[in-house]
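Read through the structure below, which is laid out as structure tokens, and then see the notes.
The numbers here are math on the coordinates, done by the rules we state, and not lab data. Note that this is a predicted model, so its numbers are computed, not measured. In this analysis, Cβ positions are derived from the backbone assuming ideal geometry, glycine residues included, and neighbour counts consider all displayed protein chains.
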Amino acid sequence: MVDDLTSSSLPAFVSRQVLEARRFFLNLDPHGTSAVEVVCGGVERLHTDYLIDRRTFPYRAIELVAEGEGLVTINGKEHSLSAGSMFAYGPGVSHTIRNQGDVGMRKYYLDFVGTAAVDLLGQAGMFSETGEHVPIAVGRLHEVAELFDMLIRDASEGGPHGSELCVSLTRLLFLKIQQLRLSAGSVRPKAYATYERIRNLIDENYLELQTAQDVAEACELTPVYLSRLFGRFSDCGVYQYLLRRKMNYAAGLLMNEGMLVKEVAEKMEFPDPFQFSRSFKRVYGVPPTRLVNQVR
């Protein structure tokens, strides 16, 4: 199930110091006898004065900072947090998480149990051979965040395969962390943080943005610099990324909501259905009518 912030039935360990959140809860009383069992997870936008201070935690947990800055103290050792930081904690691990700055962090989290939990954390570099929980940093933050988003979506939709999908996505998430983990001492360029900020802005406002110029103005950057950032850190240009987000939303309207092509074109403020279909084909390789017919 998914919670809302007005719910009074949230578990005690879930923080109320948030501005907004998307969360799911699969099983708060897991057996722990399977290799991996997903308990709950989500993404939260924190208050600027957010502070969590725990002496222990009932499950294994990993967190990913997507935006903002903060501090985490794990078993008495303090570490700085910024976009791309990841850390873990669990039973018997004291930890304090604090927001820093005038903007609240946005962070993902996943709670899980299982006989393979410690091995997964160790392979990802968040649990050392001496038994210490070690924060790490990942590159290409958006790829890790996308897997968290998939977990939230599939867990929220439920169904007979929901738990199994979440376990598979959890294993995939840890593989992705291994792939993108930065080596000790690596410094993420400031330009990458700017790139992530732009992607997040597009992700949150893609329905209102129409052109790359709109994105540049919203970010208070020049189109030329915007193009350079996406050329350096992305596999596509800024307009192509914006169009992907729009067409992903459009595909959902067509296939899940049963809307007609002309209705979607109008809703998304395209001049006419032809231009919408042409844009859709640029992303998916087929016109929207053919995709809908194939799915149905």
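So here's what we get for this one:
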quantity: The stretch 253-289 residues near the modelled ARG244 label - backbone nitrogen below 12 Å, point 7 Å along Cα→Cβ; calculated: 283-284
quantity: Loop-resident sites, the stretch 35-144, for trypsin sites (Lys or Arg not before Pro), counting at most 10 other Cβ within 10 Å (DSSP); calculated: ARG55
quantity: Neighbour-count ranking [beta-carbon atoms within 10 angstrom, fewest first] of MET247, MET259; calculated: MET259, MET247
quantity: Distance between modelled label sites at LEU201 and ASP272, nm, 7 Å Cα→Cβ extension; calculated: 3.3
quantity: Global form of the stretch 1-123, assessed from the alpha-carbon gyration tensor, a/c cut-off 1.5; calculated: oblate
quantity: Length released on extending from THR73 to GLU208, taking residue separation times 0.36 nm less the Cα-Cα span; calculated: 44.7 nm
quantity: Theoretical FRET efficiency, 1/(1+(r/R0)^6), r = Cβ-Cβ of ALA193 and ASN27, R0 41 Å, to 0.05; calculated: 0.70
quantity: Virtual spin-label span in nm between LEU10 and GLU164, 7 Å along Cα→Cβ; calculated: 3.3
quantity: Charge dipole (debye, nearest 20) of the stretch 15-97; +1 at Cβ of Lys and Arg, -1 at Cβ of Asp and Glu; calculated: 180
quantity: Gain upon complete extension [THR222, VAL103; 0.36 nm per residue less C-alpha separation]; calculated: 40.5 nm
quantity: Three-way shape call for the stretch 168-296 based on the alpha-carbon gyration tensor, with the a/c threshold at 1.5; calculated: oblate
quantity: Projected area, mean over directions - the chain, Cα convex hull, nm²; calculated: 16.9
quantity: Low-density loop positions, GluC sites (Glu not before Pro), the stretch 72-151 - DSSP coil, at most 10 other Cβ in 10 Å; calculated: GLU129
quantity: The chain: relative contact order as a whole-number percent, Cα under 8 Å and 6+ apart; calculated: 13
quantity: For the chain, calculated [θ]222 nm from helices alone, where every DSSP H run of n ≥ 4 adds -39500 (n - 2.57); calculated: -13000 deg cm²/dmol
